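Let me begin by presenting the structure, written as C-alpha coordinates, before commenting on it.
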Amino acid sequence: MKLDNIRKAKKEDKVIDFIMSAAGEIFFPMDPSFVGDKAKEVCQLLFQSKHNKLSFENCFVYEKNKVIMGMIIIYDQNLEMSLGENQRSILLKKYCVDTVLPIEGVKNSYYIDSLAVGDKYRGQGIGKSLLQFVNNEFDPCSLIVDIEKKSARSLYEKMGFEIFNSIDLFGNRYYQMKTKQKI
(Lines give C-alpha, C1' and ligand atoms only; values in the text may rest on other atoms or scores of the structure.)
Protein backbone atom coordinates (compact mmCIF):
# COMPACT_ATOMS: atom_id res chain seq x y z
CA MET A 1 0.00 0.00 0.00
CA LYS A 2 1.28 3.40 -0.96
CA LEU A 3 0.26 5.78 1.79
CA ASP A 4 2.95 8.28 0.76
CA ASN A 5 0.92 9.08 -2.38
CA ILE A 6 -1.89 10.48 -0.23
CA ARG A 7 -2.10 14.19 0.53
CA LYS A 8 -4.60 16.75 1.76
CA ALA A 9 -6.70 18.09 -1.11
CA LYS A 10 -6.33 21.61 -2.40
CA LYS A 11 -9.17 23.89 -3.42
CA GLU A 12 -8.04 23.73 -7.06
CA ASP A 13 -7.80 19.92 -7.27
CA LYS A 14 -9.87 18.30 -10.02
CA VAL A 15 -11.90 15.78 -8.04
CA ILE A 16 -15.47 16.59 -9.06
CA ASP A 17 -15.85 13.49 -11.25
CA PHE A 18 -14.68 11.36 -8.31
CA ILE A 19 -17.20 12.96 -5.95
CA MET A 20 -19.95 12.59 -8.53
CA SER A 21 -19.19 8.88 -8.98
CA ALA A 22 -19.22 8.33 -5.20
CA ALA A 23 -22.07 10.59 -4.16
CA GLY A 24 -23.83 11.84 -7.28
CA GLU A 25 -27.14 10.34 -6.22
CA ILE A 26 -27.39 12.80 -3.32
CA PHE A 27 -27.70 15.84 -5.55
CA PHE A 28 -31.06 14.99 -7.13
CA PRO A 29 -32.86 14.58 -3.77
CA MET A 30 -31.60 18.05 -2.79
CA ASP A 31 -33.35 19.54 -5.82
CA PRO A 32 -34.67 17.87 -9.00
CA SER A 33 -32.76 20.38 -11.15
CA PHE A 34 -29.43 19.13 -9.76
CA VAL A 35 -28.60 16.68 -12.55
CA GLY A 36 -25.84 16.47 -15.16
CA ASP A 37 -23.78 19.64 -15.54
CA LYS A 38 -25.84 21.44 -12.90
CA ALA A 39 -25.00 18.71 -10.35
CA LYS A 40 -21.30 19.06 -11.24
CA GLU A 41 -21.56 22.84 -10.80
CA VAL A 42 -23.14 22.40 -7.35
CA CYS A 43 -20.49 19.82 -6.44
CA GLN A 44 -17.70 22.18 -7.56
CA LEU A 45 -19.14 25.03 -5.49
CA LEU A 46 -19.39 22.86 -2.38
CA PHE A 47 -15.90 21.39 -2.85
CA GLN A 48 -14.35 24.86 -3.17
CA SER A 49 -16.32 26.27 -0.22
CA LYS A 50 -15.21 25.94 3.37
CA HIS A 51 -16.97 24.18 6.23
CA ASN A 52 -19.40 21.83 4.49
CA LYS A 53 -19.57 18.08 4.01
CA LEU A 54 -17.98 18.06 0.55
CA SER A 55 -15.35 20.76 1.19
CA PHE A 56 -11.75 20.37 0.07
CA GLU A 57 -10.95 20.79 3.78
CA ASN A 58 -12.29 17.26 4.39
CA CYS A 59 -10.73 15.63 1.34
CA PHE A 60 -7.57 13.61 0.78
CA VAL A 61 -6.37 12.57 -2.66
CA TYR A 62 -4.26 9.71 -3.93
CA GLU A 63 -1.84 11.24 -6.43
CA LYS A 64 0.95 9.73 -8.48
CA ASN A 65 3.01 11.58 -11.07
CA LYS A 66 0.78 14.63 -10.61
CA VAL A 67 -2.33 12.62 -11.55
CA ILE A 68 -5.13 12.30 -9.01
CA MET A 69 -6.27 8.69 -9.12
CA GLY A 70 -8.67 8.61 -6.19
CA MET A 71 -10.05 10.57 -3.27
CA ILE A 72 -11.70 10.20 0.09
CA ILE A 73 -13.79 12.69 2.07
CA ILE A 74 -13.84 12.26 5.84
CA TYR A 75 -14.89 14.47 8.73
CA ASP A 76 -15.65 14.31 12.42
CA GLN A 77 -19.24 13.06 12.67
CA ASN A 78 -19.76 15.37 15.64
CA LEU A 79 -19.41 18.23 13.11
CA GLU A 80 -21.83 16.67 10.62
CA MET A 81 -24.76 18.83 11.76
CA SER A 82 -22.86 22.14 11.45
CA LEU A 83 -21.25 21.07 8.15
CA GLY A 84 -24.71 20.20 6.84
CA GLU A 85 -26.17 23.49 8.03
CA ASN A 86 -23.44 25.46 6.29
CA GLN A 87 -23.92 23.39 3.15
CA ARG A 88 -27.63 24.19 3.35
CA SER A 89 -26.80 27.89 3.68
CA ILE A 90 -24.51 27.77 0.61
CA LEU A 91 -27.21 26.09 -1.49
CA LEU A 92 -29.89 28.52 -0.29
CA LYS A 93 -27.74 31.55 -1.06
CA LYS A 94 -26.56 30.42 -4.51
CA TYR A 95 -29.50 28.35 -5.81
CA CYS A 96 -32.47 29.27 -3.55
CA VAL A 97 -32.63 25.59 -2.61
CA ASP A 98 -33.45 24.86 1.00
CA THR A 99 -32.65 21.30 1.91
CA VAL A 100 -31.97 19.46 5.14
CA LEU A 101 -29.34 16.77 4.80
CA PRO A 102 -29.79 13.62 6.89
CA ILE A 103 -27.27 12.52 9.49
CA GLU A 104 -25.46 9.53 8.03
CA GLY A 105 -22.55 8.97 10.40
CA VAL A 106 -22.30 7.08 13.65
CA LYS A 107 -21.89 9.19 16.80
CA ASN A 108 -18.36 9.80 18.02
CA SER A 109 -16.67 8.57 14.85
CA TYR A 110 -15.04 10.04 11.77
CA TYR A 111 -17.46 9.71 8.90
CA ILE A 112 -16.23 8.63 5.47
CA ASP A 113 -18.60 10.58 3.25
CA SER A 114 -17.19 9.60 -0.13
CA LEU A 115 -14.54 7.29 -1.55
CA ALA A 116 -13.81 6.98 -5.25
CA VAL A 117 -11.09 5.67 -7.53
CA GLY A 118 -10.91 6.53 -11.22
CA ASP A 119 -12.06 3.80 -13.60
CA LYS A 120 -8.59 3.52 -15.16
CA TYR A 121 -6.97 3.02 -11.75
CA ARG A 122 -9.25 0.43 -10.17
CA GLY A 123 -7.74 -2.84 -9.05
CA GLN A 124 -4.42 -1.22 -8.09
CA GLY A 125 -5.04 -1.02 -4.34
CA ILE A 126 -5.78 2.72 -4.32
CA GLY A 127 -9.11 2.35 -2.51
CA LYS A 128 -7.43 0.10 0.06
CA SER A 129 -4.62 2.65 0.49
CA LEU A 130 -7.10 5.47 1.08
CA LEU A 131 -9.02 3.37 3.62
CA GLN A 132 -5.79 2.31 5.35
CA PHE A 133 -4.75 5.96 5.54
CA VAL A 134 -7.97 7.04 7.24
CA ASN A 135 -7.93 3.99 9.52
CA ASN A 136 -4.43 5.04 10.63
CA GLU A 137 -5.25 8.73 11.04
CA PHE A 138 -8.85 8.71 12.30
CA ASP A 139 -10.34 6.45 14.94
CA PRO A 140 -12.95 5.05 14.81
CA CYS A 141 -14.36 5.49 11.29
CA SER A 142 -17.87 4.97 10.00
CA LEU A 143 -19.52 4.97 6.58
CA ILE A 144 -22.63 3.86 4.77
CA VAL A 145 -22.76 1.42 1.88
CA ASP A 146 -25.72 0.55 -0.33
CA ILE A 147 -26.95 -2.91 0.64
CA GLU A 148 -26.82 -3.89 -3.05
CA LYS A 149 -23.09 -3.05 -3.38
CA LYS A 150 -21.72 -6.35 -2.10
CA SER A 151 -18.19 -5.89 -3.47
CA ALA A 152 -17.85 -2.50 -1.74
CA ARG A 153 -19.16 -3.98 1.50
CA SER A 154 -16.67 -6.84 1.17
CA LEU A 155 -13.78 -4.39 0.78
CA TYR A 156 -14.91 -2.45 3.85
CA GLU A 157 -15.18 -5.65 5.88
CA LYS A 158 -11.65 -6.67 4.82
CA MET A 159 -10.47 -3.24 6.02
CA GLY A 160 -11.95 -3.77 9.50
CA PHE A 161 -15.45 -2.32 9.18
CA GLU A 162 -18.43 -4.11 10.69
CA ILE A 163 -22.14 -3.63 10.01
CA PHE A 164 -23.58 -1.56 12.82
CA ASN A 165 -27.08 -0.71 11.62
CA SER A 166 -29.18 -0.24 8.49
CA ILE A 167 -30.86 2.99 7.41
CA ASP A 168 -32.98 4.38 4.57
CA LEU A 169 -31.64 7.42 2.72
CA PHE A 170 -32.63 8.98 -0.57
CA GLY A 171 -34.98 6.07 -1.31
CA ASN A 172 -32.26 3.43 -0.87
CA ARG A 173 -31.32 1.07 1.94
CA TYR A 174 -27.78 1.33 3.38
CA TYR A 175 -25.71 -0.43 5.97
CA GLN A 176 -23.96 1.77 8.49
CA MET A 177 -20.52 0.32 9.11
CA LYS A 178 -17.94 1.21 11.74
CA THR A 179 -14.40 0.23 12.66
CA LYS A 180 -13.68 -1.00 16.14
CA GLN A 181 -12.17 1.72 18.31
CA LYS A 182 -8.48 1.16 18.90
CA ILE A 183 -7.28 0.83 22.46
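The values are calculated or read from the model by the stated rules, or taken from the named source; none is laboratory data. Given the structure is predicted, the values throughout are model-derived calculations rather than measurements. Note that each Cβ is placed from the backbone with ideal geometry, even for glycine, and that neighbours are counted across all protein chains shown. For accessibility, only protein heavy atoms count, side chains too; no ligands or nucleic acids. Shrake-Rupley method; radii C 1.70, N 1.55, O 1.52, S 1.80 Å.
So if R0 is 45 Å, what FRET efficiency would L92 and Q124 give, r being the distance between their Cβ atoms, rounded to the nearest 0.05?
Numbers: r = 40 Å, r/R0 = 0.90.
My answer for the efficiency is 0.65.
The simple spin-label model puts a point 7 Å past each Cα toward its Cβ; for K107 and I147 those points are separated by 2.5 nm. Between K8 and D76, residue separation times 0.36 nm minus the direct Cα-Cα distance comes to 22.9 nm. How much accessible area per residue does the chain have, counting only protein heavy atoms and a probe of 1.4 Å, in square angstrom? Result: 53 Å² per residue.
What's the FRET efficiency of E85 with V35 using the Cβ-Cβ distance as r and R₀ = 22 Å, to the nearest 0.05? Could the numbers behind the result be given before it?
Numbers: r = 24 Å, r/R0 = 1.11.
After rounding to 0.05, the efficiency reads 0.35.
A simple spin-label model places the labels of L155 and V100 3.3 nm from each other, with each point 7 Å out along Cα-to-Cβ. Applying the Karplus relation 6.51 cos²θ - 1.76 cosθ + 1.60 with θ = phi - 60° to region 50-57 yields 3J(HN,Hα) values of 8, 6, 8, 4, 9, 5, 4, 4 Hz, where x marks Gly and Pro.
Mean sequence separation of contacting Cα pairs (under 8 Å, at least six apart), scaled by the length of region 58-169, corresponds to a relative contact order of 25 percent. On the basis of the beta-carbon distance and an R0 of 35 Å, L169 and K66 show a calculated FRET efficiency of 0.45.
The aspartates and glutamates within cross-link reach of K180, meaning a Cα-to-Cα straight distance under 12 Å and a gap of 8 or more places when in the same chain, are D139, E157, E162.
What is the Rg over Rh value, at two decimals, for the chain, using alpha-carbon atoms and the Kirkwood definition of Rh? Ratio of gyration radius to Kirkwood radius for the chain: 0.94. Once both labels are positioned 7 Å from their Cα atoms along Cα-to-Cβ, the gap between D139 and K50 label points is 3.0 nm.
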